[in-house]
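Have a look at the structure below before the remarks.
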Amino acid sequence: MSLFALVDCNNFYASCERVFDPKLEGKPVVVLSNNDGIVVARSNEAKALGIRMGVPEFQIRHLIRRHDVQVFSSNYVLYGDMSQRVMDTLAQFSPSLEVYSIDEAFLSLSGFTSRDLTEYGRTVADVILPDGRVLNRELVTVGLAWWYKRYSKDESLGQLEAAARTARRGLWADPDPVPPWCWRKMKNGRTC
């Protein structure tokens, strides 16, 4: 049986614009086509305003003004460069990568039969915050997440967890916190 992963970058052009201007985070962003004719990309905030894909810019000017929508002309050199960075990163996680479009790719997971794909997905899915910090590390630091040794061999997370425990931050303020893997087992009537 062949197994593939589909990677699709969300709101790619709008996300690329945000990489170089973090102040855009949380604001509605649209990217217009060549000659600034129609909307070709929207942030989630722009979608929430009802801005549709392919709508001519002149039809949404009232929304742009009323909601301070940030409008960008397409910058295909930037998007191509960012796409190449994404694809180069993805190529590190699979022996076979098929680029489908500027923001989509298929990864072959053949040969991963001896590997836990949940574990592998966790490896691929580090979340990088706009300021460059890694979300996983931040959550462990403030006591909102456990270091799951089974899926992460990053010893520094263990050190961050130990510091959070000592300071009794977040979940460590509880005198008897239950690890999520034990909680799931107990919920299903098993012991941990």
* To do: Restricting attention to the range 168-177, report how many residues are surrounded by 13 or more Cβ atoms within 10 Å (Cβ to Cβ) and free of Cβ contacts under 8 Å to residues at least 12 places away in the same chain.
  => 1
* Tell me which residues, restricted to the range 125-167, are open to solvent by 60 Å² or more (accessible area, probe 1.4 Å), assigned to a loop (DSSP other than H, G, I, E, B) and more than 30 Å from Phe20 (Cβ to Cβ). => Lys149, Arg150, Lys153
* Index of the failed condition, Ile60 passing every other in (1) touching a helix residue (DSSP H, G or I) at 6+ places or on another chain (Cβ under 7 Å); (2) of a type outside the set (Asp, Glu); (3) at pLDDT 95 or above -> (1)
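Against the condition more than 27 Å from Asp131 (Cα to Cα), open to solvent by 60 Å² or more (accessible area, probe 1.4 Å) and among the aliphatic types (A, V, I, L, M), how does Val99 come out, does it pass? Give the steps one after another, and end with the answer.
Values: more than 27 Å from Asp131 (Cα to Cα): yes; open to solvent by 60 Å² or more (accessible area, probe 1.4 Å): yes; among the aliphatic types (A, V, I, L, M): yes.
Against the criterion (more than 27 Å from Asp131 (Cα to Cα), open to solvent by 60 Å² or more (accessible area, probe 1.4 Å) and among the aliphatic types (A, V, I, L, M)), Val99 qualifies.
Results for (1) in contact with a Ser or Thr (Cβ under 6 Å, 6 or more places away or on another chain); (2) among the basic types (Lys, Arg); (3) farther than 25 Å from Phe106 by Cα, shown as yes or no for each residue.
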| site | (1), (2), (3) |
| --- | --- |
| Asn10 | no, no, no |
| Lys23 | no, yes, yes |
| Ala41 | no, no, no |
| Asn44 | no, no, no |
| Gly50 | no, no, yes |
| Gln59 | no, no, yes |
| Leu63 | no, no, yes |
| Val77 | no, no, no |
* Residue by residue through the range 172-192, note down the ones that are at pLDDT 85 or above and part of a helix (DSSP H, G or I). => Trp172, Ala173
* Kindly indicate whether any position in the range 55-73 is at positive phi and touching a residue at least 24 places away in the same chain (Cβ under 8 Å). => yes
* To do: For Ser83, state whether it is part of a loop (DSSP other than H, G, I, E, B) and open to solvent by less than 30 Å² (accessible area, probe 1.4 Å).
  => no
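The values are calculated or read from the model by the stated rules, or taken from the named source; none is laboratory data. These numbers come from a predicted model, not from an experiment. Ideal geometry is used to build each Cβ from the backbone, glycine not excepted, and the neighbour counts take in all protein chains shown. These area figures cover heavy atoms from the full protein model, side chains too; ligands, DNA and RNA do not enter into them. Shrake-Rupley method; radii C 1.70, N 1.55, O 1.52, S 1.80 Å.
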